[in-house]
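The values are calculated or read from the model by the stated rules, or taken from the named source; none is laboratory data. Remember, predicted model here, so these are calculated numbers, not experimental data. All Cβ positions, glycine included, derive from the backbone under ideal geometry; neighbour counts span all protein chains shown.
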């Protein structure tokens, strides 16, 4: 039997980039085929071609042995391909039914002659959604509004949306990025159920663990090329990582036990509000000592951003206190906090970490440009800044054509290195890092992780906030879990298990939901 | 659990709506009492019915302008050029009416027939003119992704220039006698309903009745048809619509053009229904008041109609006051509808939520 989907010799050029270089990919009927690769490896380009969003410059696509061409997603949908995008393609104010039928509306038979102005038949659509939901054990409520649903449920809506269009092939693009480990496990159960009932799935991820958990075959892409295909039985994590990066990678961070010193950061009963004046940080208290890494785990959007912004002076504190060494910094300005010895690697490097339209060298002195030796009175000393930049570029392995290159034109990994270099070059006593490796390649992740551990070993107190559980577990000495703005529990990292942390992230403590 | 939460939310929203309705009711009664006192207790039941009937008449252009804004913004195209589209339609309506009538009569047509023909022809061309302006707005803001506020402002300024030119050149003096505006008529049967009949279905002209029908029509199209679903999806999350094979640009163009047609009706109301003259200031900001009514109505047709009716009522009362009380400087009552609009907008409306993608040009990936 021919494969459900076969792509041969796919080539796609964008101005200046060869995004896909003669890529071959096939999906057997009834299998889960994992596709692994770093950002920019060409996975998304390949999937967008298979979904009709891009047209390939060369190569052919066949569905069950029949060559075909997609000029838009419409064609791909008609051929039975469904895609669940990494950022959900849902319309929040509409109901689940409306979201699912959008573009393929069922109509009241009596008014059908009116075309797009005929009346919608919501009832029969909802009925079909209930049937699908029952058949594939995808729990969705057709009448709920999407904006009221948790992410896990929104994802199920996306899957039902594809099934409603009679998709036989499902492309899941980084589906676990927004889920807790338990929700991810639930998704895997759903995926197996779908495959059992004859669907075929392409599963894209950058998490190695998930590859082993759910796939039948694994393909790895690097630099626009298909590196190879293997099975979970034959592969090891080290092998896959090497295929992804093209060289050996140390996955496990090598670090000694922490030697905690004095308390550097003391947070007591902190309350913070978000932009809409809803309190999103409730009564949070913790300490970070010199020479330890405190990891804050939690699904995104549980108050981590507001917490970090409050600690760094970017957001007003509405209750409680923050003390840095002996200084009360509850209402201090960002510059005061920086001058007390805080380094901050913000969550969004484009918005808050860098001035994208400034050159590398200026970005490297953003915290210190107004001080000697970079400033002489009101004047900037370009020569000193250039020297400093040269030094940091070498020390932190920032791959840039020159120190005058605009930071916006560097890769994500190198942009992050610019920030880390800037924040660690000063004698910081406290380092606050928020999602330090989001969207970075394995090589850069390894480098930045090593730098964070080195900072700890130099007796810096480190507060690490991350939604990646693997990152939290491999770097932290202690782990605090945030859920709905509260710290549910703080565990010692060596004793913490993935399951324990996953339950806490879902708000379950001591067997009960809080 | 989720269902329960949904129900609770539904109840919460409707209780707020009830509260709003009660406020509007109390407000309306209070306004009438004050109004009655000002004109010296002369407002009997006949006067109340007449005032409401007149209020609907004045509400029509505002409501139609609001529907224009609504059609555009539901598809995420902000249109502040409604005023200009209306002004153009008003000018074209008047000019075509007068000159078509003259030519038809000169061609030997029966004057009554020529009057009807030229009125309907001028309505059609007024709509077309407004539609042309809307097409310009669409091309600039959808195709060329320009800032929609600037595009709308340009439409307004352009309309001032065009209408000003034609007005000075052809419509200011030595105008041939025209056929006048549309004649009022009653809707058979519906006009017989007690109270409601005399208020709503008696003595209005075609565009006002059209406004009533179009309110129902837009509500149906937006919330009960595939086209409406797609429009709302395009206004909230165009990328999601795109991934489902919906042509975002096409949806936006058609909605902007439909909006333009509605603004054409609104403009034609001035010269084909209200008065038989054209002057370059005659739309008098009603396009913008229409946008306010749209926001007041939270981007829904019935809400927008309520907003337009409040304005229409204010306008009617103003006129009556200046007739009965010439001693009050006319500028003061004339402020009333606008003050009312501001009060209503800032007052008890609550937070209006525009479509999420409103004003953002769509970039295909």
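Looking at the stretch B:248-257, which of its residues are within 15 Å of the chain's Cα centre (by Cα) and within 14 Å of chain A (Cβ to nearest Cβ)?
Hits for the stretch B:248-257: nothing passes.
Please work out which one of (1) at pLDDT 90 or above; (2) touching a helix residue (DSSP H, G or I) at 6+ places or on another chain (Cβ under 8 Å); (3) away from chain B (no Cβ under 14 Å) is the condition residue A:50 fails and give its number.
Single failed check for residue A:50: (3).
Output the residues belonging to the stretch B:108-124 that are in contact with a helix residue (DSSP H, G or I) (Cβ under 8 Å, 6 or more places away or on another chain) and outside any helix (DSSP H, G or I).
Matches in the stretch B:108-124: B:109 only.
Might you let me know whether the stretch B:239-247 holds any residue that is at positive phi and within 14 Å of chain A (Cβ to nearest Cβ)?
Yes, the conditions are met somewhere in the stretch B:239-247.
Listed residues B:213, B:218; which is more than 10 Å from chain A (Cβ to nearest Cβ) and free of Cβ contacts under 8 Å to residues at least 40 places away in the same chain?
B:213
Look at residue B:132 and say whether it is more than 18 Å from residue B:64 (Cβ to Cβ) and either modelled with pLDDT of 95 or more or not in a loop (DSSP other than H, G, I, E, B) (or both).
Criteria not met by residue B:132.
With B:235, B:260 as the choices, which residue is more than 10 Å from every other protein chain (Cβ to nearest Cβ) and out of contact with any strand residue (DSSP E or B) (no Cβ under 7 Å at 6 or more places or on another chain)?
Going through B:235, B:260 in turn, the sole match is B:260.
Scan the stretch A:143-160 for residues that are within 12 Å of chain B (Cβ to nearest Cβ) and farther than 18 Å from residue A:83 by Cβ and report the count.
Looking only at that region, the number is 8.
Just one of the numbered conditions (1) within 14 Å of chain B (Cβ to nearest Cβ); (2) touching a strand residue (DSSP E or B) at 6+ places or on another chain (Cβ under 7 Å) is not true of residue A:203; which one?
Exception for residue A:203: condition (1).
Considering the stretch A:81-120 alone, what residues qualify as being in contact with a strand residue (DSSP E or B) (Cβ under 6 Å, 6 or more places away or on another chain) and more than 8 Å from every other protein chain (Cβ to nearest Cβ)?
Selection gives A:81, A:82, A:84, A:86, A:95.
Out of B:278, B:270, which single residue is within 19 Å of the chain's Cα centre (by Cα), at pLDDT 85 or above and either over 29 Å from residue B:163 (Cβ atoms) or not in a helix (DSSP H, G or I) (or both)?
Exactly one residue qualifies, and that residue is B:278.
Give the residues of the stretch A:281-310 that are within 21 Å of the chain's Cα centre (by Cα) and part of a strand (DSSP E or B), sorted by residue number.
A:294, A:295, A:296, A:297
Output the residues belonging to the stretch B:44-64 that are more than 9 Å from residue B:309 (Cα to Cα) and surrounded by 24 or more Cβ atoms within 10 Å (Cβ to Cβ).
B:61, B:64
Can you name the number of the only condition in (1) buried (at least 21 other Cβ atoms within 10 Å of the Cβ); (2) modelled with pLDDT of 90 or more; (3) at negative phi that residue A:400 fails?
Result: residue A:400 fails condition (2) only.
I'd like to check something: does the stretch A:34-45 contain any residue that is part of a strand (DSSP E or B), crowded, with 22+ Cβ neighbours inside 10 Å, at pLDDT 90 or above and within 12 Å of chain B (Cβ to nearest Cβ)?
no
What about residue A:137, is it under 30 Å from residue A:198 (Cα atoms), surrounded by fewer than 21 Cβ atoms within 10 Å (Cβ to Cβ) and within 13 Å of chain B (Cβ to nearest Cβ)?
So residue A:137 does not fit the description; no.
Going residue by residue through the stretch A:57-79, is there one that turns out to be within 25 Å of the chain's Cα centre (by Cα), surrounded by 21 or more Cβ atoms within 10 Å (Cβ to Cβ), more than 9 Å from every other protein chain (Cβ to nearest Cβ) and not in a loop (DSSP other than H, G, I, E, B)?
Looking for residues that are within 25 Å of the chain's Cα centre (by Cα), surrounded by 21 or more Cβ atoms within 10 Å (Cβ to Cβ), more than 9 Å from every other protein chain (Cβ to nearest Cβ) and not in a loop (DSSP other than H, G, I, E, B), one finds none in the stretch A:57-79, hence no.
Answer yes or no as to whether residue A:186 is within 28 Å of residue A:131 (Cα to Cα), surrounded by fewer than 20 Cβ atoms within 10 Å (Cβ to Cβ) and in contact (Cβ under 8 Å) with a residue 12 or more places away in the chain.
In short, yes.
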